[in-house]
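Novice: The structure is given below, and queries will be raised subsequently.
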Amino acid sequence: MVSNWEWILRIFITGILSGVIGWERERHARAAGFRTMILVGMGCCLAMIVSLRIFELFPDVPSSYLRIDPARIAYGVLTGIGFIGAGTIIRNRGNVRGITTASCLWVVSTMGLAIGCGFYLLGVVTTVFVLITLLSLKGIESKIPHDVYTRFKITFSGDTGFLDEIFNTLSNKGYNILDYSVVQQKKQNLSIVEIQCRSRGKKDIIETFEALKQFEEIFEIEYRSS
């Protein structure tokens with residue numbers, strides 16, 4: 001029989017471990033920081049404890065009649081955490097932020113459930129692994145080459161026959177042409193092409209602009225990277 005002090009200890013340990021993870025997020029000024037992680041972790045731990053002890057409310061009911069699924073509350077908790085995590089994710093002009101913080105919320109919630117069940121070692125080891133992932137692997141992640149998507153909008157004079165020159169210039173600068181669309185303004189004798197490109201790592205956009213500006217046919221160049 002687990003004593004009341006041990007139940008309290010589980011909540012306390014969960015709060016400490018959640019706070020350690022929240023401290024790392026707080027340092028980076030994330031939406032879910034120190035206090036949020038502690039609250040989520042302790043709340044999940046309490047939910048797990050309630051699910052384990054709820055049968056104590058029915059001491060006179062035979063176990064053969066009482067059907068309690070302790071995992072049901074855990075399912076509900078994880079579903080609710082999904083909504084909280086979604087609130088920390090911000091999308092702005094193709095850039096997505098907050099996924100790591102949302103993942104931390106989910107891990108903290110599962111860690112709280114584990115400690116609520118009495119799996120202290122699993123909770124501590126998970127916290128250590130999370131900190132290693134957040135603190136140590138970030139430098140490795142930044143060194144992994146990744147694709148950069150760039151959209152060019154170029155206005156030039158003449159017809160679409162000039163497109164080959166633009167495509168060749170971008171290809172020589174390391175861009176892979178994925179898609180493009182052209183709008184012709186025949187009255188002004190102008191064409192506007194939007195080009196979706198992919199490159200391995202960020203390219204020197206000034207150098208690319210200089211290469212395109214050598215053509216007298218080009219009037220305007222706009223770009224956006226993601």
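Novice: If I filter segment 135-151 for residues that are charged (D, E, K, R) and over 30 Å from S18 (Cα atoms), do I get at least one hit?
Specialist: yes
Novice: If you don't mind, there's one more thing I want to ask. Can you go through I49, I38 and tell me which one is assigned to a helix (DSSP H, G or I), of a type in the set (V, I, T) and more than 23 Å from L134 (Cβ to Cβ)?
Specialist: So the residue among I49, I38 that is assigned to a helix (DSSP H, G or I), of a type in the set (V, I, T) and more than 23 Å from L134 (Cβ to Cβ) is I49.
Novice: Oh, and also: Report yes if some residue within segment 67-83 is at pLDDT below 90, of a type in the set (D, E, K, R), in the same structural domain as K138 (by TED's automatic domain parsing) and assigned to a helix (DSSP H, G or I); otherwise report no.
Specialist: Yes.
Novice: Does I38 satisfy the criteria of being closer than 24 Å to E6 by Cα, modelled with pLDDT of 75 or more, touching a Gly at 6+ places or on another chain (Cβ under 8 Å) and among the hydrophobic types (A, V, I, L, M, F, W, C)?
Specialist: Answer is yes for this residue.
Novice: Mind checking which residues of segment 1-22 are part of a helix (DSSP H, G or I), more than 19 Å from G87 (Cα to Cα) and of a type in the set (A, V, I, L, M, F, W, C)?
Specialist: W5, W7, I8, L9, I11, F12, I13, I16, L17, V20
Novice: Within segment 3-57, which residues are small (G, A, S) and touching an Asp or Glu at 6+ places or on another chain (Cβ under 7 Å)?
Specialist: G33
Novice: Something else about it: Which fully enclosed strands (runs of 3 or more DSSP E) of segment 90-193 have 2 or more residues being buried (at least 16 other Cβ atoms within 10 Å of the Cβ), touching a residue at least 24 places away in the same chain (Cβ under 8 Å) and of a type in the set (V, I, T)?
Specialist: Where strands (runs of 3 or more DSSP E) fall fully within segment 90-193 and carry at least 2 residues being buried (at least 16 other Cβ atoms within 10 Å of the Cβ), touching a residue at least 24 places away in the same chain (Cβ under 8 Å) and of a type in the set (V, I, T), they are 147-157.
The values are calculated or read from the model by the stated rules, or taken from the named source; none is laboratory data. None of these values were measured; they are calculated from a predicted model. Cβ sites come from the backbone with ideal geometry, for glycine too, and all protein chains shown count toward neighbours.
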